[in-house]
1. Sort out which residues of segment 113-148 are in a helix (DSSP H, G or I), more than 16 Å from the chain's Cα centre (by Cα) and either at pLDDT 95 or above or surrounded by 16 or more Cβ atoms within 10 Å (Cβ to Cβ) (or both), and write them in order of number.
2. Between a residue in segment 123-150 that is under 13 Å from GLU62 (Cα atoms) and any residue that is modelled with pLDDT of 95 or more and among the basic types (Lys, Arg), which pairs come within a Cβ distance under 7 Å, given they are 6 or more apart or on different chains?
3. Within segment 53-109, restricting attention to residues that are of a type in the set (Asp, Glu) and more than 15 Å from GLN133 (Cα to Cα), which residue is most open to solvent (accessible area, probe 1.4 Å)?
4. Which one is nearest to ASN86 (Cα to Cα) among residues in segment 149-164 that are acidic (Asp, Glu) and surrounded by fewer than 16 Cβ atoms within 10 Å (Cβ to Cβ)?
5. For segment 14-48, what are the residues that are open to solvent by 30 Å² or more (accessible area, probe 1.4 Å) and either on the phi > 0 side of the Ramachandran plot or part of a helix (DSSP H, G or I) (or both)?
6. Being part of a loop (DSSP other than H, G, I, E, B) and either over 15 Å from the mean Cα position of the chain (by Cα) or among the β-branched types (Val, Ile, Thr) (or both) is the filter here; which residues of segment 78-112 pass it?
Amino acid sequence: MFCVGDKVAHPMHGAGIIDKIVTETVAGARQDYYVFRMPVGGLTLKIPTAAGETSGLRGVWEHNRIRKLLQDLSGLEVERFTGSWNQRYRENMEKLKSGDLYEVARVIKSLLYRENERGLSTGERKILRTAKQILISEMVLSTGEDYGELEQQVHLAVTGGGKD
């Protein structure tokens with residue numbers, strides 16, 4: 001169970017801070033909820049405390065683990081999808097839902113490659129934005145660094161510094 005003030009990450013929304021835990025009655029049943037505020041983007045979510053683990057909610061990675069991920073980005077292997085858009089979409093969504101930041105980084109890297117080679121569909125651009133927000137919001141909470149600076153570092157790392 002998480003406490004007020006804990007920095008947590010949600011697989012599909014990114015990282016935030018638990019502002020409070022509230023009890024509400026919904027459909028006649030009383031339930032406790034984490035009120036989860038995301039500093040990046042200002043989104044606020046309510047997640048049932050009983051579903052915390054099943055929803056993929058977890059603690060934010062530590063600073064040195066985030067730094068290691070940033071160092072590893074340029075060497076990450078990614079698949080060059082040749083299937084249909086639907087198949088690529090499903091595979092990318094599964095990677096995002098995993099909650100594993102390395103998988104999220106693989107989505108970013110593969111979509112940036114695809115964007116450079118062929119361009120992205122509207123749906124793929126949305127997945128790319130979501131993946132970046134998930135990864136970078138956690139990096140911001142872990143390191144305390146600026147979102148824009150971290151976004152630039154991620155972009156340079158996954159594209160090989162523009163040497164593709």
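1. Within segment 113-148, TYR113, ARG114 qualify.
2. Listed pairs, sorted by first residue: LEU141/LYS7.
3. GLU53
4. ASP164
5. Residues satisfying the conditions are ALA27, GLY28, GLY41, GLY42.
6. Scanning segment 78-112 gives VAL78, GLU79, ARG80, PHE81, THR82, GLY83, SER84.
Results for (1) among the aliphatic types (A, V, I, L, M); (2) within 25 Å of GLY5 (Cβ to Cβ), shown as yes or no for each residue.
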{"residue": "MET93", "(1), (2)": "yes, no"}
{"residue": "ARG106", "(1), (2)": "no, no"}
{"residue": "VAL140", "(1), (2)": "yes, yes"}
{"residue": "GLU151", "(1), (2)": "no, no"}
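The values are calculated or read from the model by the stated rules, or taken from the named source; none is laboratory data. Predicted model, so just to flag it, every value in this text is computed and none were measured. All Cβ positions, even for glycine, are placed from backbone atoms using ideal geometry, and neighbour counts span all protein chains on display. Please note that ligands, DNA and RNA were not included when accessible areas were found on the heavy atoms of the full protein model with its side chains. Shrake-Rupley method; radii C 1.70, N 1.55, O 1.52, S 1.80 Å.
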